[in-house]
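J.: Before anything else, here's the structure in question.
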Amino acid sequence: MIKEQYKYSDITAKIIGCAMEVHKLLGNGFQEVIYQRALAKEMAMQGLHFAREFEMPIFYKEEQIGTRRVDFLVEQVVSVELKAVVALEDVHLAQAINYLEAYNLEIGMLINFGAKSLQFKRLINPKFYTNQINQNNHFNQRSRR
């Protein structure tokens, strides 16, 4: 069920549906990259626009100090981090939230294909701010399908 009061719930619902289809067909037990490739195919079939292994800058006090690749940047607004572990742990959640904060994205997803049942969490960046220097323009220019 889509909870429409959540921002980008239409996008996150589609991502969850795609992940469920991948998990249904592949099950658990593969390496993360296998699920990443399958999810890319499924999201493309469902009409979602995304960048895979999207390199994003990491800032510290408004200065870029490095980069990190997010597994997927979907529709230029939702980050998706994949795992293929027996169970999600607090450290995985903390890592995904840290990425949201570092990228200044409002919404993200953490998806784990490694458990017997698909695990997913919808994440909200508590420190999101809207007036970062043209960050969205940077994403728009670099995003691809």
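The values are calculated or read from the model by the stated rules, or taken from the named source; none is laboratory data. The shown structure was predicted, so the numbers you read here are calculated from the model rather than taken from an experiment. A quick note on method: Cβ atoms are made from the backbone with ideal geometry, for glycine too, and the neighbour counts reach across all protein chains shown.
J.: Can you find even one residue in segment 130-140 that is within 12 Å of the chain's Cα centre (by Cα), at pLDDT below 95 and either of a type in the set (Gly, Ala, Ser) or not in a helix (DSSP H, G or I) (or both)?
T.: no
J.: If we keep just the residues of segment 99-123 that are without any contact (Cβ under 8 Å) to a residue 60 or more places away in the chain and assigned to a strand (DSSP E or B), which is farthest from Ala13 (Cα to Cα)?
T.: Among them, the one singled out is Asn112.
J.: In this structure, is Ala96 within 16 Å of Met109 (Cα to Cα), within 13 Å of the chain's Cα centre (by Cα), modelled with pLDDT of 90 or more and in a strand (DSSP E or B)?
T.: Here the answer is no, as Ala96 does not meet what is asked.
J.: A further question on this structure: Does Phe30 meet the test of being part of a loop (DSSP other than H, G, I, E, B) and surrounded by 14 or more Cβ atoms within 10 Å (Cβ to Cβ)?
T.: Judged against the criteria, Phe30 is a match.
J.: Also, quick follow-up: One residue is enough: does segment 61-69 have a residue meeting the conditions at pLDDT 95 or above and among the hydrophobic types (A, V, I, L, M, F, W, C)?
T.: Within segment 61-69, not a single residue is at pLDDT 95 or above and among the hydrophobic types (A, V, I, L, M, F, W, C).
J.: Next question. Spot the failing condition for Arg68; the list is (1) in a strand (DSSP E or B); (2) within 12 Å of the chain's Cα centre (by Cα); (3) in contact (Cβ under 8 Å) with a residue 24 or more places away in the chain, and only one is missed.
T.: With (1) in a strand (DSSP E or B); (2) within 12 Å of the chain's Cα centre (by Cα); (3) in contact (Cβ under 8 Å) with a residue 24 or more places away in the chain applied to Arg68, the lone miss is (2).
J.: From Glu42, Glu75, grab the single residue that is at pLDDT 90 or above, under 20 Å from Tyr129 (Cα atoms) and not hydrophobic (A, V, I, L, M, F, W, C).
T.: Glu75
J.: Across segment 69-97, which residue is nearest to Gly114 (Cα to Cα) among those that are β-branched (Val, Ile, Thr) and surrounded by 14 or more Cβ atoms within 10 Å (Cβ to Cβ)?
T.: Step by step, filter segment 69-97, then rank; the result is Val85.
J.: For residues that are more than 19 Å from Lys116 (Cβ to Cβ) and basic (Lys, Arg), scanning just segment 1-43, find the one that is farthest from the chain's Cα centre (by Cα).
T.: Lys3
J.: Out of Ala40, Ala13, Ala44, report the one residue that is surrounded by 13 or more Cβ atoms within 10 Å (Cβ to Cβ), outside any strand (DSSP E or B), out of contact with any helix residue (DSSP H, G or I) (no Cβ under 8 Å at 6 or more places or on another chain) and without any contact (Cβ under 8 Å) to a residue 12 or more places away in the chain.
T.: Result of the check over Ala40, Ala13, Ala44: Ala13.
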